[in-house]
Amino acid sequence: MDFLQGVLPNDILRRLDLQSLTQDKTTYTDEHLDEYFSDIVYTSTYQDTRKHTKGQHEKPAGEIKLSLLFEHKSFVPAFPHTQLLRYILNIWGHYIKQRNPAPVVLPILFYHGRQKGEKQPLSHYLSGDTEHFSHFVPEFEYLLIDLSKLSDEEIKTMVFTRAAVKIALLVQKYIYQPARLKQYLNDFFKLGILYFREEEGLRFLESVCRYIYCATEIEAEEILKTVEYLPNGAEETVMTTAERLRKEGQKEGQKEAKLEDARRMLIKGYPTKDVCEITGLSRDEVERLKHKE
């Protein structure tokens with residue numbers, strides 16, 4: 001809720017009842033969109049501020065889908081509307097298939113890449129006479145949240161209130177600049193000193209550390225040297241998260257080796273039963289490999 005309050009325009013916030021906010025457990029990205037986005041979808045009721053008849057009060061008008069789309073690439077998509085429109089259609093298709101009314105969708109594209117994000121209307125990307133044929137162009141708006149356009153001070157003191165949101169956004173802002181991220185980590189983690197004493201705060205810190213370890217070459221020891229003070233439980237979280245990721249990486253490597261052995265055995269005509277016994281893979285895993293060949 002804190003994030004939405006910080007990024008949504010005032011005219012939209014006035015209409016939303018954020019106390020009604022519930023997370024939609026469905027993901028609407030498909031195999032094609034997974035390359036570009038991951039999503040978190042919320043449902044909120046909103047108020048219709050239009051006056052239907054003279055003197056009539058405002059009345060609830062229904063629900064809206066607030067879709068947070070986190071880009072996977074470090075650059076702005078060349079034609080973002082194609083991915084966004086596909087995403088909106090996925091949501092509508094889901095509702096239509098269930099014979100339910102399709103909701104309004106507010107797509108919020110969260111971008112933290114190296115280049116500055118620039119939002120253009122869909123017609124900007126089209127060639128030809130877009131002015132006279134505008135009725136045939138599915139023009140629509142989306143919100144672009146570009147972290148590079150928010151100063152560190154705005155993130156820390158003006159826009160957001162929760163420490164977790166501030167730290168997460170600051171880390172993401174500098175994730176592609178690891179030298180500067182390491183330089184600023186002490187300043188960022190100070191925001192969560194009290195939060196890291198709580199169980200929820202430690203879980204959040206683990207998520208942040210996982211993100212840093214996976215996206216950069218920054219090691220756990222470097223974090224502890226850089227950050228002047230962390231509660232004891234937080235220091236342990238920084239180290240154990242790194243160790244857990246290392247073990248997970250080893251297991252993943254072992255699994256990949258087994259899959260490669262199974263692929264070779266299938267190519268040579270080994271029966272499924274023998275492949276399972278030799279590699280330790282399940283029958284379903286071997287069958288999926290067969291279909292990929």
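Observations on the model:
- The chymotrypsin sites (Phe, Trp or Tyr not before Pro) of region 91-158 that meet both conditions, a loop assignment by DSSP and at most 12 other Cβ atoms within 10 Å of the site Cβ, are PHE133.
- The charge dipole of region 158-262, taken about its Cα centre with unit charges on the Cβ of Lys, Arg, Asp and Glu (plus for the first two, minus for the last two), comes to roughly 360 debye.
- Spatial separation of Cα centroids for region 215-293 and region 163-200, in angstrom: 27
- Among the GluC sites (Glu not before Pro) within region 122-160, those in coil by DSSP and having at most 16 neighbouring Cβ atoms inside 10 Å are GLU131, GLU139, GLU141.
- For the chain, modelled as a GNM whose springs connect Cα atoms under 10 angstrom apart, the maximal fluctuation among ARG264, ARG246, ARG180 occurs at ARG264.
- Cleavage-rule hits (GluC sites (Glu not before Pro)) in region 61-126: DSSP loop, at most 13 neighbouring Cβ within 10 angstrom: GLU118
- Relative contact order (percent, whole number), region 158-262, Cα cutoff 8 Å, 6+ residue spacing: 27
- Approximate spin-label separation GLU154-ALA257, in nm, with each point projected 7 Å along Cα-to-Cβ: 5.0
- Extension gain (nm, one decimal) between TYR211 and GLN177, 0.36 nm per residue minus Cα-Cα: 10.9 nm
- Label-to-label distance, nm, for residues given as ILE12 and SER38 (7 Å Cα→Cβ offset): 2.2
- When only Cα pairs below 8 angstrom with a gap of at least 6 residues are kept, the chain shows a relative contact order of 11 percent.
- Mean residue ellipticity, 222 nm, helices only, the chain: the sum of -39500 (n - 2.57) across DSSP H runs of n ≥ 4, divided by residue count and rounded to 500, is -14000 deg cm²/dmol.
Quick note: the coordinates plus some simple rules give every number you see, no bench work behind them. For clarity, every value in this text was computed on a predicted model and none was experimentally measured. Don't worry about glycine lacking a Cβ; one is built from the backbone with ideal geometry, like all the others, and counts go over all protein chains shown.
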